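Peer 1: I have a structure I would like to understand better, so I am pasting it below and will then ask my questions one at a time.
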Amino acid sequence: MYVAVKDSIFQPSSALRHATENSQIIGSSGKAVVASITDGGPDHNVRHGQTQLAHISTFQRHNLDVVVGINTCPGNSWANPTESIMSVLNLALNGVSLSREEMSKEKEELIKTPTNMKEMWAAAEKNPDVKAVIKDSLQKPLSILNNRFSRLSLKGCQFQILPSASDKQIQEQFLPIHEIDESIKVDETKRQFY
């Protein structure tokens, strides 16, 4: 089992990000078939174009024979293997309180005004230092979460921490899609195509 803990502001979940992170595992496995069993959330739903593109990129990048995408049925989460992992992760979060690192006054001023993600993205567009400041301030809480998750196991299988995909890695994961259709841009894979 692998866990990737991310900064939800500048490392938002997307099908392509998940495919990129999974590529770190697939690349070393030597397998020809990949099956992805998910809960059908917006960045996992196999009916969404962004998820289909992510599966195609995985198929092409690793020269696989088969990629299977499975969404489990809604409800009965107690019997859903994807959801059972979440309950184990919740054990690691029991009794945990997290806060970001306090920073210098200058750095605190950079992020004082934005109150939501959209405003934070806009602030980062205007001043690239904002992204670095937030990343630095979140290192301690992310480290605590990684440490707690790495102590978990399920059915004798130890959880492993997977590093979050960088923008460069996501671009590399996207290359097979761009080779198939140059009109599709990497930013479009964050939206859903219907």
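Peer 1: Restricting to the range 90-118, name every residue that is more than 21 Å from the chain's Cα centre (by Cα) and either in a helix (DSSP H, G or I) or at positive phi (or both).
Peer 2: Listed by number, the residues that qualify are GLY95, LYS105, GLU106, LYS107, GLU108, GLU109, LEU110, ILE111, LYS112.
Peer 1: Here is a follow-up. Just to be sure, is ASP39 of a type in the set (D, E, K, R), within 24 Å of GLN11 (Cα to Cα) and open to solvent by less than 60 Å² (accessible area, probe 1.4 Å)?
Peer 2: When the stated conditions are applied, ASP39 does not pass them.
Peer 1: List the pairs whose first member sits in the range 7-24 and is farther than 16 Å from ALA54 by Cα, whose second member is crowded, with 23+ Cβ neighbours inside 10 Å and of a type in the set (Gly, Ala, Ser), and whose Cβ atoms are under 9 Å apart, counting only residues at least 6 apart or on separate chains?
Peer 2: Close Cβ pairs satisfying both conditions: GLN11/ALA165.
Peer 1: Condition first: assigned to a helix (DSSP H, G or I), more than 28 Å from GLY156 (Cβ to Cβ) and not aromatic (Phe, Trp, Tyr). Now tell me which residues in the range 43-60 satisfy that.
Peer 2: Within the range 43-60, GLY49, GLN50, THR51, GLN52, LEU53, ALA54, HIS55, ILE56, SER57, GLN60 meet the criteria.
Peer 1: Could you say whether any residue in the range 61-78 is within 30 Å of LEU138 (Cβ to Cβ), touching a residue at least 40 places away in the same chain (Cβ under 8 Å) and either in a helix (DSSP H, G or I) or open to solvent by 70 Å² or more (accessible area, probe 1.4 Å) (or both)?
Peer 2: Yes, the range 61-78 has at least one match.
Peer 1: Within the range 26-71, count every residue that is over 21 Å from ASP181 (Cα atoms) and basic (Lys, Arg).
Peer 2: 1
Peer 1: Just name the residue that is surrounded by the most Cβ atoms within 10 Å (Cβ to Cβ) out of those in the range 143-176 that are closer than 26 Å to SER57 by Cβ and hydrophobic (A, V, I, L, M, F, W, C).
Peer 2: In this case the residue turns out to be ALA165.
Peer 1: Is it the case that ILE25 is part of a loop (DSSP other than H, G, I, E, B) and closer than 27 Å to LEU89 by Cα?
Peer 2: no
Peer 1: Quick check on the range 113-125. Is at least one of its residues of a type in the set (Val, Ile, Thr) and over 18 Å from ASP7 (Cβ atoms)?
Peer 2: yes
Peer 1: Among what's in the range 15-56 and is closer than 23 Å to GLN171 by Cβ and among the charged types (D, E, K, R), pick the residue that is modelled with the lowest pLDDT.
Peer 2: Checked the range 15-56; the qualifying residue modelled with the lowest pLDDT is ASP43.
Peer 1: While we're on this one: Please determine, by comparing only the residues of the range 79-115 that are open to solvent by less than 70 Å² (accessible area, probe 1.4 Å) and polar (S, T, N, Q), which one is farthest from LEU138 (Cα to Cα).
Peer 2: So the residue we want is ASN80.
Peer 1: Being over 30 Å from GLN52 (Cβ atoms), of a type in the set (A, V, I, L, M, F, W, C) and out of contact with any Phe, Trp or Tyr (no Cβ under 7 Å at 6 or more places or on another chain) is the requirement here; does MET103 meet it?
Peer 2: When the stated conditions are applied, MET103 passes them.
The values are calculated or read from the model by the stated rules, or taken from the named source; none is laboratory data. As the structure is a prediction and not an experimental result, all values here were calculated from the model. Neighbour counts run over all protein chains shown; Cβ positions are idealised from the backbone, glycine included. Only protein heavy atoms, including side chains, enter the accessible area calculation; ligands, DNA and RNA are left aside. Shrake-Rupley method; radii C 1.70, N 1.55, O 1.52, S 1.80 Å.
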